[in-house]
1. Quick one: which helices (runs of 4 or more DSSP H) sit completely within the range A:49-159 and have at least 3 residues that are more than 8 Å from chain B (Cβ to nearest Cβ) and surrounded by fewer than 20 Cβ atoms within 10 Å (Cβ to Cβ)?
2. Looking at the range A:30-44, can you tell me whether even one residue there is part of a helix (DSSP H, G or I) and under 14 Å from the mean Cα position of the chain (by Cα)?
2 protein chains.
Amino acid sequence: MEPLISPAVSPVLDAHGMLAVALEQARLGFAEGGVPVGGAIFRTDGTLLGVGRNRLVQEGNCSLHGETDAFRAAGRHPTWHDTILVTTLAPCWYCTGLIYQFRFRQVIVGDSVNAQGGMPWLREQGIDIVDLRSQECIDLIAKFQRTRPDLWKECIGEV
Amino acid sequence: MEPLISPAVSPVLDAHGMLAVALEQARLGFAEGGVPVGGAIFRTDGTLLGVGRNRLVQEGNCSLHGETDAFRAAGRHPTWHDTILVTTLAPCWYCTGLIYQFRFRQVIVGDSVNAQGGMPWLREQGIDIVDLRSQECIDLIAKFQRTRPDLWKECIGEV
């Protein structure tokens, strides 16, 4: 088990608290009939900058994954090096590219069982990733992949 | 010089014609005071699916680069393997991730002089990239980087 985010990094929420914010988004997405992946971006001081969820179904927008929707919602910032990106599911390569380009200070992941994406590659590049192995996140995506394989494949571009 | 897209791939527009569509978007972005990078997505039969441009300034939306805005505009597709992504500037790592995740059939690039992004890495992964070395694209970005270094740095997350 990797060390969790230290209390010094976020006096407001610990990593599990931050993940709960993203998980709420994922559950909202599921209730909407969408792809249940949620994201959130915090400053390292614990300030919430934005939340997001996959909007493929809700808006017909294939560019909004949980991570990129949170990025959009967080607004403009000269740097992202002092921010933490939280996602309920390990980032696909699209979101892996987002993380690598903008060098978030840390990435918190809920589930890396149902998808690995570019997570191993990000670690090789030195990105700080905290994998919380959340059973709630794991169960939510597993249920979605089982019941909506068509949507799951579409959202990651797999035929 | 790499071989250009073959006439058999697009009976409607050749690679230069496709790049002109993306360049028009980049010029629009420049006129709006935005980051002048444009994108377009075509089916391999030449059908235009969507165009886009960086919208950081126009919408305060850091998630919309030329490529991701065109992806958004192109709508929902079960696969992207039969599509061509065109961009006036070599993809940053964010857009590199997009390309690698969705495996566009081909990527057409206007300028790889002012930024390389993940282009060399994409080639290593076997992605088909046609670099047109367009002087118009090169001049447009060079002018922008010179006059708005603040915006240039912000849009790629460099402090």
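The values are calculated or read from the model by the stated rules, or taken from the named source; none is laboratory data. Predicted model, so just to flag it, every value in this text is computed and none were measured. Reconstructed Cβ throughout: ideal geometry from the backbone, glycine too, with neighbour counts over all protein chains shown.
1. Numbers: elements: A:56-59, A:66-73, A:93-102, A:119-124, A:135-147, A:149-155.
Counting at least 3 such residues, we get A:56-59, A:119-124, A:135-147, A:149-155.
2. Taking the range A:30-44 as the starting set, the residues that turn out to be part of a helix (DSSP H, G or I) are A:30-31.
Okay, now just the ones that are also under 14 Å from the mean Cα position of the chain (by Cα), so none.
No, that holds for no residue.
This table checks each residue for (1) modelled with pLDDT of 95 or more; (2) touching a Gly at 6+ places or on another chain (Cβ under 7 Å); (3) at negative phi.
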site	(1), (2), (3)
B:PRO3	no, no, yes
B:ALA90	yes, yes, yes
B:TYR94	yes, yes, yes
B:ILE108	yes, no, yes
B:ALA115	yes, no, yes
B:PRO120	yes, no, yes
